[in-house]
Structures are given as C-alpha cells and as structure tokens.
Amino acid sequence: MHIPDVARFLVRDGNSIVFDPAPGIDEDSVRVFMLGSALGALLFQRGYLVLHGNAVQIGDGCIICVGHSGAGKSTLAAAFMQRGYKLLADDVVPIDNDCLAIPGFPRIKLWQDAADKLEIDTTPLTRIRPDMEKFNLPITDNFVPEPLPVKHIYILRSDDEDGFSSTAIKGLQKFPALHANTYRQKFLDSMDLRPDHLNLCGKLSGQTAITRVVRPRMGFEVDQLVDHILADLSESV
C-alpha cells in the first residue's frame with residue numbers, strides 16, 4: 001500500500017507490517033495510516049470482518065455505529081462516554097467468527113468542531129497530523145479491554161428533514177448494509193478475501209439487529225441522537 005508523500009506499507013500473513021516512510025515525513029502522519037489502513041489490512045488477513053465505525057458497551061454487549069466519513073460516529077461515541085458508557089473501538093471495529101467485537105486502541109479521533117460541541121478542551125491533546133484540526137482523545141477508565149458480543153448495529157445517515165427516524169433492516173438487505181460499511185472494501189478483492197467476507201457477513205446478519213438511523217443534517221444536539229438510539233434499543237429488547 002502506497003500513501004503518496006507519507007509511506008509505503010507491506011502487510012503480510014496477518015502478523016507483520018513493514019513500512020518505508022517518505023523522506024522528512026513526521027511520525028504522527030505515518031501513525032495515522034499505520035493504525036488505519038495498514039491495521040485494517042492486517043485484521044482482514046487474520047480473518048476478521050472489519051467495520052468502519054465505533055463500538056460502545058451497552059449492558060453485557062456492544063452496539064456498533066457505522067456510517068460514511070463525517071457521519072458523526074466518533075462524536076456520538078464521545079457523547080456516549082460522557083453519559084458513562086465505555087468505548088470498545090474507534091474507527092476500525094474487527095469482529096471475529098463468534099460475532100464478538102474486538103477491542104481497538106484506547107482513543108477517539110475528534111475534529112475541533114466536534115470537541116467544541118462536546119465542551120472538550122483540545123489544548124492538551126495532540127493532533128493526529130500536524131496540519132489537521134483533528135485530535136487524539138485518550139481513553140483511560142472508560143475503555144473496555146475485552147471482546148464483547150455485538151448486540152445491535154446502527155447505520156448513521158443525515159437528511160434535511162426535522163427529527164429522527166429509525167428503520168430496521170431485515171433479511172437479505174442486511175448484506176449490502178454490512179458490505180457498504182466494511183472498512184476499506186477494496187482490500188477484499190486485492191487479497192482475495194471476498195468469499196470469507198460474505199460468510200462472516202451472513203453469520204453476523206443472522207445474529208445481530210441492524211437499524212438505519214436518520215438524523216437532521218443541521219440544528220440538532222448529539223445528546224438527542226444518544227437518547228434516540230437508547231430509546232430504540234429499549235424497544236428492541
């Protein structure tokens with residue numbers, strides 16, 4: 001994998017990442033892609049289903065909130081933490097053959113505007129890259145170090161309507177929903193992992209509820225979204 005002006009990465013056998021940094025590149029920039037795309041490739045090689053989202057402990061299991069970049073996944077995870085819930089994974093969520101979500105790194109990556117909404121002071125935090133207004137928020141007490149069963153997956157969307165809505169995804173429609181929110185989908189074909197991926201999607205969809213949540217594009221508080229998801233969870237139990 002070649003990231004122009006950053007580094008080249010070689011991921012092998014699910015147990016090693018070799019990298020060649022570009023001349024003069026800073027370590028933080030290399031780390032972003034090491035813990036993102038390179039780690040995602042390694043997790044695929046280990047046989048995990050890897051979703052692009054955040055996992056938060058709810059009761060004896062976890063929910064995973066997925067969506068496109070900018071959907072507010074990390075902001076939502078941080079808001080859950082401010083309510084006392086614990087984080088399992090941020091951005092890259094590996095799921096094993098038993099439908100257990102595997103812990104990631106104890107941090108959340110937050111844009112400055114998201115931190116402002118959550119009243120989180122970014123002054124003592126480090127940027128994920130020197131030229132980005134995005135910060136590493138370390139997690140200490142509110143981190144789950146053990147795998148948890150996946151109880152529910154929420155797909156985050158936004159539109160111009162007022163209010164929130166939830167739609168359960170049923171049957172065969174679960175497959176494209178999981179595929180669309182798989183981390184770095186192009187890796188599946190380049191590493192010939194498509195058949196294994198489909199098998200894992202089938203197993204997860206058979207055991208886990210999937211719901212699409214649509215929120216207003218503008219003019220809402222993230223706490224309202226937390227309330228909406230918690231209410232939906234209580235109704236689905």
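Divide the volume of the convex hull around the Cα atoms of the range 116-237 by the residue count and you get 187 Å³ per residue.
Kindly flag which residue pairs out of Lys151/Lys174; Lys117/Lys151; Lys86/Lys170 have an alpha-carbon separation exceeding 21 Å in this structure. Too far apart for the 21 Å limit: Lys117/Lys151; Lys86/Lys170. Remark: the chain carries 51 Å² of accessible area per residue (probe radius 1.4 Å; ligands, DNA and RNA excluded). Counting protein heavy atoms only, the range 55-155 has 50 percent of its accessible area on carbon and sulfur, 1.4 angstrom probe. Over the range 122-168, the Kirkwood radius and the radius of gyration, each from Cα atoms, give a ratio Rg/Rh of 1.12.
Residues of the range 1-20 falling in the label zone of Asp131, defined by backbone nitrogen less than 13 Å from a point 7 Å along Cα to beta-carbon, are 4-6.
In plain terms, the chain from Asp160 to Gln207 could stretch by 13.7 nm, reckoned as 0.36 nm per residue minus the Cα-Cα distance. Think of each Lys and Arg Cβ as +1 and each Asp and Glu Cβ as -1; about the Cα centre, that makes the dipole of the range 87-130 roughly 240 debye. Relative to its residue count, the chain spans a Cα convex hull of 131 Å³ per residue.
Give the distance, in whole Å, between the Cα centre of the range 12-56 and the Cα centre of the range 186-232. Measuring centre to centre over Cα atoms gives 21 Å.
When both bridge partners sit in the chain, DSSP labels roughly 75% of those beta bridges antiparallel. In the chain, helical runs assigned H by DSSP with n ≥ 4 each contribute -39500 (n - 2.57); averaged across all residues and rounded to the nearest 500, the mean residue ellipticity at 222 nm is -8500 deg cm²/dmol.
Working from Cα pairs under 8 Å separated by at least six residues, relative contact order for the chain is 20 percent. Projecting the Cα atoms of Gly104, Phe175, Ile63 onto the charge dipole of the chain (Cβ charges, centred on the Cα centre) puts Phe175 farthest toward the positive pole.
Using the Cβ-Cβ distance between Glu221 and Arg8 with R0 set to 45 Å, the FRET efficiency from 1/(1 + (r/R0)^6) comes to roughly 0.55.
What the Cα convex hull of the range 1-120 gives, in volume per residue, is 114 Å³.
Summarising the overall dimensions of the range 1-56 from its C-alpha atoms, the Rg and Dmax are 12.1, 38 angstrom.
The values are calculated or read from the model by the stated rules, or taken from the named source; none is laboratory data. Owing to the predicted nature of the structure, the values given are computational and were not obtained by experimental measurement. Here Cβ is always computed from backbone atoms with ideal geometry, including for glycine, and neighbour counts include all displayed protein chains. To get the accessible areas, we keep the full protein, side chains included, count just its heavy atoms, and leave off ligands, DNA and RNA. Shrake-Rupley method; radii C 1.70, N 1.55, O 1.52, S 1.80 Å.
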